[in-house]
Amino acid sequence: MPLRRRARRALQTPVAGRPLRRDPRAEREPGLAAAAHSAATGSAINVGPSGRLRRDPRAVVRQAGRSATGRLRIDRSGRAGTVSHDRGASEHVDAGPELICIEAPAFWIVVVPDYEGGRLSSHDRDVFGAARKLSDGAEGAVVAVVFEAGEDLGAAGADRVLCFDDAAFAGYAPDRRAAAIVAGAAALTPRHLLFPDTAVAGGDIGRRVAAMLADSPAANVHRLRADEAVSRADGDRADYLRAPSRVLLMAAECELPIGADRCCEARRLEPPAIEPSRTTITDRGLLPTNPGSVPLAEADFVISAGNGVTDWTAFHALAEVLGAAEGGSRVVCDAGLLPRERQVGASGTLIQARCYLAFGISGAPQHLQGIVRCEKVVAINTDLHAEMVKRGDLSAIKDAQAVMPALTRLLEVRVGGA
Amino acid sequence: MGLEITVLCSLGQHPGSGRPRCATADVRALALALQLGAEVSAVHVGDPESAALRDYLGQTAGRRSLECLDVIDVPTGRDIRPALIDYLRQKNPDVILAGTHAECGEGSGMLAYDLAAALGHALVANIDSLSVAADGSFELTQVLARGRRRALGVDGPLIATIGAGAAVRPVFAYARAVRGQIRRLKPAVECPLFVAPSIRPARARPKRLRAGSGNAAERLRAASETPAGQGRLLVDPSAEEAALAIADYLRAEGLWPPS
C-alpha cells in the first residue's frame, strides 16, 4: 500500500554520522512526520504506525468532564487537546496565580474603571488589558482609581489602587470625580489615563478630565499601542490614527483581559486629601422603572418561564416582587402566554442579564444561545437531565409551581420583617 | 416664558446611502427644546449652503418648529470651537442642548465638554427629559444602561447632551422646511486650522469568540453549551429549601432583596 510505504519513509531516523536525508513525501504530509512525536503525548487521538489516526476510547473517557448530574460530557468538537490543557491550567491556578510586583516603575498608567457597585464589567477588564499591554513591555505600572470599595482589582491587572471612598463622590458626581482624578494623577504624572468609553460613567468623567487637562482625547479607541491609537469615527465608517493622547477613551473589546494565571498586587495608595468642589448638580437617585417596560435586551435581571410553568399568576407575582423583567421560551410565546417581544433565544432576544432565573425551561440549543451572555443562571426544572440544569450555576429539581410561591412568600416575609 | 434654549446642530450622514442629512441626536435635542415651549434658537457652524440644513427647519414637536437657523460660516478643516464659544457668550442662553456625538468627522463627543469648560456651565450627559421646577432650577432625567433612569437637579446655566436613542421624536413638515430662514453669520473670531489625523476606511472588527470553529453544528454547540459540572445541584428539595437556596444565591449576587 502506498500509504504504508510513505509512513515508513517518514518515520525513518537519520543514521548517526551520516547527513540527514530529505524526505519530500514527509514534507508534503507533515502529519505523518509528526506521528512519532504525538504518539508519546497521551492524547486521545494518536497516529498509528500506518500513519492513520487512531482514537483511544479509554483516553476519551479519561479526558471527558463530568456534569452536575454525574454524566459523562465528551467533547467531540475536536478541541479535546485545548480542553485538557485548560484543565491543567486551572489546576495551576488553584496552586495560585503568579503574583507580579513592580516596585519602581518607569512610568504610570491610570485606569479609571466604571466599577459600578464595586464590580468590574467586561469592558473594565478590557481596558485593564489595554493598560497592561502598554505597561508590560516598558516596565510601567497600572494604577486603578476607584470611588467605592469592591471586587479585587489585582486580578484585573492593577498594581496600585487609589480609592476615594468619600460620600461626596457617591452617586452622580462626575465633576468631583474628575477633579479627584486630576488631583490624584498630579502626584504620579501618568503617561496615559484610560477610561472605558461608556455613555454616563467612564466616557463622561474621561471627557471632563480631558477638558480640565486641555487635552483632545482619542475616543472610542479599539486598538492601542505605545505609538498609535486607532479610533473608530465618522459614524463607524473610518478609523482615525494618531499618536496616543494623554486621555484615552477605550471601546469595548479593545484588548483581551489579562489571563487567570497572572495577578497584580493591587497595593493601596494613600489618596491625597481633596476638598470636594462645589457642584450645581444634585443626584436625586434612580427612578423606579417598571421592569415590564424595560426591553429584554437591556434588562439586568430576567425571570423566565417555559413549558413547565402553568401557574401564571404566581409567575407574574414573583416577577413583580423581585423587580425582574419577564421572559419566556418560544413555546410559551407561541402559545400566546407572553408577548412575542418577551421571547428569549435565537429567534427572540439575545439577552445579557447579570442573572437569569429559568422556571420550567428544558433548554433547547436555540434558547441557550439566547442566554450565552448571561453571567449567572438559576434553573428550576423537574427534569434532572435537562440541558438547562447542566447550564445552571444553581439548579433545583423541583416543580416550578411549588418554588415560585415559596420564593414570593420568603421575599414578603423578609421585606415585612426588615 | 423666559426660558431660552440654544440647540447645536451638526450635519449627519445616512448610514446606508451616505447622503447628507440632519444628525439624529441633534434632531432629538431640537425636538426636546421645542416640546418644552421655550424660546428656541439653533446654530450650525459650517457651510450655509448645505442642503441638509433645511431638514432642521422642518422638524416639528409640540406643533412648533424653528423659524430661523443661524449658520456661522466657517470653512471645513478649521476648529469651530472659538466661533461657537463667542456666539454662545453673546447669546447667553439658559440651556444649551446638543447630541452626544457628531455623526460625521471624528465624533469624539468633546464639543459639549469644551464648551462647558469655556463657559463655566454645568454639564449633564445623555438626558432624556428636561423640565423647569417652580424655583427656576432644572429637573432632568438621565438615561443609564439597562433601561434605568436617574433623576437629577441642576441650578444655573446648563449644557446637556442627548443620545440618538432618546424618546422624543419630532415630525417632519416639508412646508416648514421650505418656509424657514437660514441666517448667515460671519465668525467674529479667527478659527485656527485643525491638524488632520490620518484616516483610513474602517474594516469590520472581529468579534471576540471562544476558541474553536468548525461546521455549523460545532459552532452551535460552542455558542450554546457551557462546560457542565460547575453548578450546584439540589435534587428534589422541599419548596422552602429551594427558595432559601435561590434567595441565598441572589443575595450573593446583590439582587436580594430587590431595591
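Some points to look at:
- Condition met for residue B:70 (in contact with a helix residue (DSSP H, G or I) (Cβ under 6 Å, 6 or more places away or on another chain) and either in contact (Cβ under 8 Å) with a residue 24 or more places away in the chain or open to solvent by 40 Å² or more (accessible area, probe 1.4 Å) (or both)): no
- Pick from the stretch A:193-239, criterion among the charged types (D, E, K, R), open to solvent by 30 Å² or more (accessible area, probe 1.4 Å) and under 23 Å from residue B:13 (Cα atoms), ranking: farthest from the other protein chains (Cβ to nearest Cβ): A:197
- Hey, residue A:186 under 26 Å from the mean Cα position of the chain (by Cα) and assigned by TED's automatic domain parsing to the domain that holds residue A:109 or not: no
- Applying the criterion of being farther than 17 Å from residue A:353 by Cβ and surrounded by fewer than 22 Cβ atoms within 10 Å (Cβ to Cβ) to the residues of the stretch A:371-383, the residue that is farthest from the other protein chains (Cβ to nearest Cβ) is A:383.
- Residue list for the stretch A:260-300, filter: touching an Asp or Glu at 6+ places or on another chain (Cβ under 6 Å), more than 14 Å from chain B (Cβ to nearest Cβ) and not charged (D, E, K, R): A:264
- Strands (runs of 3 or more DSSP E) contained in the stretch A:165-270 and holding at least 1 residues touching a residue at least 40 places away in the same chain (Cβ under 8 Å) and charged (D, E, K, R): A:218-225, A:262-264, A:267-269
- Of all residues in the stretch A:127-138, those being open to solvent by less than 10 Å² (accessible area, probe 1.4 Å) and in contact with a strand residue (DSSP E or B) (Cβ under 7 Å, 6 or more places away or on another chain) number 6.
Residue-wise test of (1) open to solvent by less than 40 Å² (accessible area, probe 1.4 Å); (2) in a strand (DSSP E or B).
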| residue | (1), (2) |
| --- | --- |
| B:7 | yes, yes |
| B:15 | no, no |
| B:25 | yes, no |
| B:53 | yes, no |
| B:56 | yes, no |
| B:97 | yes, yes |
| B:101 | no, no |
| B:105 | yes, no |
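- Residue, nearest to the other protein chains (Cβ to nearest Cβ), within the stretch A:384-399, restricted to residues that are closer than 13 Å to residue A:358 by Cβ and among the acidic types (Asp, Glu): A:393
- Those residues of the stretch A:139-185 which are open to solvent by 10 Å² or more (accessible area, probe 1.4 Å), among the charged types (D, E, K, R) and touching a Ser or Thr at 6+ places or on another chain (Cβ under 9 Å), in sequence order: A:175, A:176
- Near pairs, Cβ below 7 angstrom, 6+ apart or cross-chain, from the stretch A:292-303 (in a strand (DSSP E or B)) to any residue that is hydrophobic (A, V, I, L, M, F, W, C) and modelled with pLDDT under 85: A:301/B:255
- Flag for residue A:368 being within 10 Å of chain B (Cβ to nearest Cβ), in contact (Cβ under 8 Å) with a residue 12 or more places away in the chain, in contact with a Ser or Thr (Cβ under 7 Å, 6 or more places away or on another chain) and crowded, with 23+ Cβ neighbours inside 10 Å: yes
- Scanning the stretch A:330-337 turns up no residue that is open to solvent by less than 10 Å² (accessible area, probe 1.4 Å) and within 13 Å of chain B (Cβ to nearest Cβ).
- For the stretch B:125-158, filtered to residues that are over 15 Å from the mean Cα position of the chain (by Cα), in a strand (DSSP E or B) and more than 10 Å from every other protein chain (Cβ to nearest Cβ), the residue that is surrounded by the fewest Cβ atoms within 10 Å (Cβ to Cβ) is B:131.
- Residue within the stretch B:159-173 that is outside any strand (DSSP E or B), β-branched (Val, Ile, Thr) and open to solvent by 70 Å² or more (accessible area, probe 1.4 Å) present: no
- Selection of the stretch B:33-43 for residues being outside any loop (DSSP other than H, G, I, E, B) and open to solvent by 10 Å² or more (accessible area, probe 1.4 Å) yields B:35, B:39, B:40, B:41.
The values are calculated or read from the model by the stated rules, or taken from the named source; none is laboratory data. The structure presented is a predicted model; accordingly, all values stated were derived computationally and were not measured. So basically every Cβ, Gly included, is an ideal-geometry build from the backbone, and we count neighbours across all protein chains shown. In case anyone asks, the SASA skips ligands and DNA or RNA and just uses the protein heavy atoms, side chains included. Shrake-Rupley method; radii C 1.70, N 1.55, O 1.52, S 1.80 Å.
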